[in-house]
Amino acid sequence: MTTALSHISPPPCRLYIGTSGYSYTEWVTAGFYPAGTTTDRMLALYARRFSVTELNATAYQLPRAETVERRRRQVPPDFLFAARLTRTLTHEIDFQRWPDLALEYRDGLAPLVQTRQLAAVLIQFPPTFDRTPIHRRHLAALLDALQGLPLAVEFRHRSWAKDRVLHELEQRRTTLVVVDGPPLPDVFPVWEAVTNPELFCVRFYGRNTGGWHSAKPSRQFDYGYADDELCEWIESRIEPLSRRARKGILLFGNHVRAQAPQNAQRMIRLLRRSGLKVT
C-alpha cells in the first residue's frame, strides 16, 4: 500500500540557537567561560554548548578564507556560522567599489560554503538606510551580487515594512530577519514573515528602551530576558515560523554580562519542553 505524497508530513524544522559573537572577555568574569580562558580558546568551548554563532568580525573587515578556515576547524562539522556582511557594503557604501568588495567577501567565506556550514549572510542595514530609489537599487544589485549564498536581510527603517518588499524577498528566496528589540516607534516592526521556506532567522537584541540609542553597546544591549518573555516568543512566533520553514536560527545579541548565552541556553530548554526540534 502506497501513501500519497500530499499526505506525507514535511520534516520538522531544525532550530539552531546561539549568540551574536562569542569572543567577549567579560564572559569569563561572568562565569560562562572558565577562569583564565583566552580568546583563542573561546570558540571551541562555545561550540560545546551551542550549534551556531554569528561572526561579528566580518562586519568590520572583509573575511579572509584562511582565517575563516582556522575558525571552522575549531568546531564540529555540523556547527553553523551566520556571517554579518561587511559595513562597506551596507553602512559606509562606496558606490563605485562595492561590487569588487562583494566578490572579496564571497571568496572569504568559501570554506564555509564548501562544507555547508554557512547558515546565513546577515545583511544588516543602518536606521538611515530608508526606502529611497538609490537604496532600493543598491539592495537589488547587492542581492544579485551575492546570489547563491543564504541571504538574510535586516531592515531598521520602517519605510521597508511594505508588502511589496516581502514579495520581492520571497521571489528571491531571501530571508527577512525578525528582530526583537525595544518597542520604539522609529524602528522596523516585529514582522514574523517567512520569505524563504529554507530558513527563518530571529535576532534578540534585548528591550533596553532607555539605552537603545546609546553609542555604548554596554548600555544598548544590557538586558536579560525573563522566562515569560521567551515563552511568549515561542508560542506566538517561533512555533508558527517553524511550521513554514525547514531551518531556523535564533541569535541573542544582549551580550552584556553574558546575558546572551544565559538566555540562549534557557531558550533551548524551553523550546525542547515545547516539543520543537533543537539541534
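Shape verdict for the stretch 48-115, please, from the Cα gyration tensor: rounded (a/c under 1.5), prolate (a/b greater than b/c) or oblate. Taking the square roots of the gyration eigenvalues as a ≥ b ≥ c, the stretch 48-115 is prolate.
With +1 on the Cβ of every Lys and Arg and -1 on the Cβ of every Asp and Glu, and nothing else charged, how large is the dipole of the stretch 170-279 about its Cα centre, in debye rounded to the nearest 20?
480
Checking the a/c ratio against 1.5 first, then a/b against b/c, what shape does the Cα gyration tensor give for the stretch 114-204? Note, shape of the stretch 114-204 comes out oblate. Phi angles across the stretch 13-18 convert, under the Karplus curve 6.51 cos²θ - 1.76 cosθ + 1.60 with θ = phi - 60°, into 3J(HN,Hα) values of 5, 8, 9, 10, 10, x Hz, Gly and Pro given as x.
Placing +1 on the Cβ of every Lys and Arg and -1 on the Cβ of every Asp and Glu, with no other charges, gives the chain a dipole of roughly 480 debye about its Cα centre. Counted without the sites themselves, the longest stretch of the chain free of chymotrypsin sites (Phe, Trp or Tyr not before Pro) in a DSSP loop having at most 16 other beta carbon atoms within 10 Å is 96-190.
Relative contact order for the chain using alpha-carbon pairs under 8 Å, separation at least 6, rounded to a whole percent?
Result for the chain is 22 percent.
Sites listed here are trypsin sites (Lys or Arg not before Pro) in the stretch 70-172 whose DSSP assignment is loop and whose Cβ has at most 16 other Cβ atoms within 10 Å: ARG73, ARG97, ARG116, ARG131, LYS162. Report summary: the helix-based calculation at 222 nm, which adds -39500 (n - 2.57) for every DSSP H run with n ≥ 4 and divides by the residues of the chain, gives -8500 deg cm²/dmol. Under the rule a/c < 1.5 gives rounded, and otherwise a/b versus b/c splits prolate from oblate, where does the stretch 210-269 land using the Cα gyration tensor? Cα axes put the stretch 210-269 in the prolate bin.
Just so you know, all these numbers are worked out from the coordinates, no wet-lab data involved. Worth saying up front: this structure is predicted, and the values here are computed from it rather than measured. Reconstructed Cβ throughout: ideal geometry from the backbone, glycine too, with neighbour counts over all protein chains shown.
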